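Engineer: The structure under discussion is supplied below as structure tokens; questions concerning it will follow.
Taken together, the values in this text are just the output of simple stated rules run on the coordinates, not laboratory data. Keep in mind it's a predicted model, so treat the numbers as computed, not measured. With ideal geometry, Cβ positions are generated from the backbone for all residues, glycine too; neighbour counts draw on all protein chains shown.
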Amino acid sequence: MILPPAALALVLIGLLVSGMGTYAGYYGMRIIKYWDPGHGTERQLELERRTYLISTIMNYILGFELMSLFLFIYTADDLHTLFTGAMCAAGSLAINSFGYPALLLKIINFLFAGVWLILNYADNRGYDYPLIKIKYELLNLLVPLLVLESVLLFAYFAGIKPDIITSCCGSLFGRDSGSFSGDLAALPHRPMQIACFSGMAITAVSGMFFYLKGRSGYLFSTASAVTFLITIASMLSFICLYIYELPSHHCPFCLLQKEYGYIGYVLYAALFSGAVAGIGVGVLMPFWQVASLVRIIPGMQRRLTVVTLVCYLLFTLIVVWKMSFSALKLG
């Protein structure tokens, strides 16, 4: 087992998040079953006090969860020097069967955690906690994923041995690798460019329309989510090529290294933040008519829309800049 300080911090964060999430989930089930603000019973008063505590705890815990995604990627990239054959985080994550599942689950939990924090913020602004059962139902779906993530993280770091020979990113993300990542890398770059920039344009137009008119929120939210998925595929298909200035280097992890100015952290932070905010707009749409939130949700949605538009614009500007000044010109 190899546990450098960052890896140990990740394991401890995972235990803290899953442990406190389980605690919150237990009382969440009690709240779902017994919550009744119309009656001032002793149990209701106890649940109301408990929800203050749980909301505060989960705000911090899920905040740690959001940040831990980037800490995990940084740690995996930092570990690559220990293994023969690894050139970046791609090789480090491939040293056992738990690395990539842990990364995928952390991405899923990042999106879920962001949406829960948005719901929790809206619920706390309503005088009667109108979303309390909905947010705890979502939390009960999230908690098992957080626990599984902790198990995968521990299994990944526990299975690391310095004598392991792993694969380089060229073989893992090559067009002929025969894997899903290889299939994404093999996507034709011209159609992917059209799809990526069209998605950004549709998201921008629908977002500005929603911001100004307050309509078509579902369209904007769907566009931001679909654009997020298209852009992830585009990273492997053509964006990485322009940044590396190599026609065969499709690795999404080398972007995180010093040689490329750590540009990957900016790109991924902008993309993921924009996706969470955009999805959050759609999640809040069904609650427009809730009496205690009728003045709160529209303002929240406008702010979330601005976050998505700014983040996606930043991402697009960086990509266009790199494409424009890259020495590589794809036909």
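Engineer: So, counting K/R as plus one and D/E as minus one, what does the shell of residues with Cβ under 15 Å around Ile239 add up to? Before the final figure, lay out the partial values.
Structural biologist: On the way: positive: Arg190, Lys322, Lys329; negative: Glu245.
Residues close to Ile239 contribute a combined charge of +2.
Engineer: Something else now. Starting from the amide H of His249, placed 1.01 Å from N in the peptide plane, find each other amide H under 5 Å away whose residue is 5 or more places distant or on another chain.
Structural biologist: none
Engineer: OK, next. Can you run phi through the Karplus equation (6.51, -1.76, 1.60; θ = phi - 60°) for the range 215-228 and list ³J(HN,Hα) in whole Hz, with x for Gly and Pro?
Structural biologist: Calculated HN-Hα couplings, in order: 10, 6, x, 5, 4, 4, 5, 5, 4, 5, 5, 5, 4, 4 Hz.
Engineer: If you don't mind, another one. May I ask for the angle, rounded to the nearest 10°, between helix 132-158 and the longest principal axis of the chain, with both axes built from Cα atoms and the value confined to 0 to 90°?
Structural biologist: Rounded to the nearest ten degrees, it is 40.
Engineer: Tell me, what ³J(HN,Hα) does each residue in the range 55-60 have, in order and in whole Hz, if you take phi through Karplus 6.51 cos²θ - 1.76 cosθ + 1.60 with θ = phi - 60° and put x for Gly and Pro?
Structural biologist: 4, 5, 4, 5, 4, 6
Engineer: Turning to a different aspect of this structure: I need the phi-derived Karplus couplings for the range 205-213: 6.51 cos²θ - 1.76 cosθ + 1.60, θ = phi - 60°, integer Hz, Gly and Pro marked x.
Structural biologist: Computed from phi, the couplings for the range 205-213 are 5, 5, x, 5, 5, 5, 4, 7, 9 Hz.
Engineer: Another question about this same structure. How long, wide and thick is the range 1-161, going by the Cα atoms along their three principal axes, in whole angstroms, largest first?
Structural biologist: 65, 23, 22
Engineer: With Cβ to Cβ distances under 10 Å as the rule, what net charge do the other residues near Lys106 carry (K, R +1; D, E -1)? Could you put the intermediate results ahead of the total?
Structural biologist: On the way: positive: none; negative: Glu65, Glu149.
Around Lys106, the charge tally is -2.
Engineer: While we're looking at this one, here's another question. Please tell me the relative contact order of the chain in percent, rounded to the nearest whole number, where contacts are Cα pairs under 8 Å and at least six residues apart.
Structural biologist: Working: 446 pairs, mean separation 62.5, N = 331.
The value is 19 percent.
Engineer: When only alpha-carbon atoms are used, what values of Rg and Dmax, in angstrom, describe the range 110-164?
Structural biologist: Final numbers for Rg and Dmax: 16.8, 59 Å.
Engineer: Summing Lys, Arg as +1 and Asp, Glu as -1, what charge do residues with Cβ under 15 Å from the Cβ of Met300 carry, Met300 excluded? Show your work: numbers first, answer last.
Structural biologist: Working: positive: Arg125, Lys135, Arg295, Arg302, Arg303; negative: Asp123.
It works out to a net charge of +4.
Engineer: Same structure again: Report D for the range 169-331 in µm² per second (integer): Stokes-Einstein, Kirkwood Rh on Cα pairs, 25 °C, 0.890 mPa s.
Structural biologist: Details: Rh = 16.7 Å.
Answer, rounded: 147 µm²/s.
Engineer: Could you give the nm distance between label points at Val205 and Val266, where each point is 7 Å from its Cα heading toward the beta carbon?
Structural biologist: 2.9
Engineer: For the chain, with equal point scatterers placed on the C-alpha atoms only and solvent neglected, what are the log10 I(q)/I(0) values from the Debye formula at q = 0.07, 0.13, 0.15 1/Å, to two decimals?
Structural biologist: -0.33, -1.03, -1.25
Engineer: Then there is this: For the chain, what does the helix formula give at 222 nm: sum of -39500 (n - 2.57) over DSSP H segments with n ≥ 4, over the residue count, nearest 500 deg cm²/dmol?
Structural biologist: Working: 12 runs with 236 residues, N = 331.
Mean residue ellipticity at 222 nm (helix-derived): -24500 deg cm²/dmol.
Engineer: Also, quick follow-up: What is the pair-distance distribution P(r) of the range 180-230, computed from all Cα-Cα distances in 5 Å bins starting at 0, with each bin given as a whole percent?
Structural biologist: 4, 22, 23, 19, 13, 9, 6, 4, 1
Engineer: Treating the Cα atoms of the range 200-294 as identical point scatterers in vacuum, please give the log10 of the normalised Debye intensity I(q)/I(0) at q = 0.10, 0.14, 0.22, 0.24 Å⁻¹, two decimals.
Structural biologist: -0.37, -0.61, -1.04, -1.15
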